[in-house]
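What follows is a single structure, written as structure tokens, with notes after it.
The values are calculated or read from the model by the stated rules, or taken from the named source; none is laboratory data. All figures in this text were calculated on a predicted structure; none of them were measured in a lab. Cβ atoms come from the backbone with ideal geometry, glycine included; neighbour counts cover every protein chain shown. Heavy atoms of the whole protein, side chains included, go into the accessibility calculation; ligands, DNA and RNA do not. Shrake-Rupley method; radii C 1.70, N 1.55, O 1.52, S 1.80 Å.
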Amino acid sequence: MTAPSAVQHAFTAPMFTQRFSSTPLGARLARHLALNQLHTWGIRYGSEASERAEVVVAELVANAVTHGRVPGRDFELRLSLPTGSLRIEVTDTRAERLLPGPDEVGPARPLDEYGRGLTLVEAMVDRWEVRHRNPPVKTVLAEIDLPRWLSMVKRIPR
């Protein structure tokens, strides 16, 4: 006697992708839409994960607008929930401006005007990296572990 085979359902990680103008208004809209999307997925406003994500999104989109801006080109924000974590990706089209990777970010000097953003990102996430691709684009990918990930994604409508 053979046991009946279990029905397996393919799981696709929930994803949000949007392009924004490389302007302060575009960065602001990206932050607001990101928090709204996270809330929709069950990462409630004011929760630790939401607040960490808010800081990371704000910093990465500000960097894309300030340092990664190419006139006439947008930046892209992508949020997803791969197994066990929240993934935040921000892509801009200024690949010639190389960013330091994890473990390469040094402390900013007290009077420096810039240089604290990636230090802040590093403190807020569980892991991050910079990816360079062709045509010349760079993506900063950051992940925040979500201990209650499974219970959260079970509630997301498909």
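For this structure, a couple of remarks:
- Residues within the range 70-81 that are open to solvent by 30 Å² or more (accessible area, probe 1.4 Å) and modelled with pLDDT of 85 or more, tallied: 3
- Residues of the range 117-136 classified as surrounded by 15 or more Cβ atoms within 10 Å (Cβ to Cβ) and in contact with a Lys or Arg (Cβ under 8 Å, 6 or more places away or on another chain), total: 3
- For the range 25-69, residues that are open to solvent by 30 Å² or more (accessible area, probe 1.4 Å), within 25 Å of H132 (Cβ to Cβ) and of a type in the set (V, I, T) total 2.
- Of the numbered criteria (1) over 22 Å from R148 (Cβ atoms); (2) under 16 Å from the mean Cα position of the chain (by Cα); (3) part of a helix (DSSP H, G or I), the one L25 fails is (2).
- Sole exception among (1) hydroxyl-bearing (S, T, Y); (2) part of a strand (DSSP E or B); (3) buried (at least 21 other Cβ atoms within 10 Å of the Cβ) for T17, by number: (3)
- All positions within the range 28-61 that are touching a strand residue (DSSP E or B) at 6+ places or on another chain (Cβ under 7 Å) and over 15 Å from I144 (Cβ atoms): L29, A30, L33, V61
- Within the range 21-58, the set of residues being free of Cβ contacts under 8 Å to residues at least 60 places away in the same chain and at positive phi comprises G46 only.
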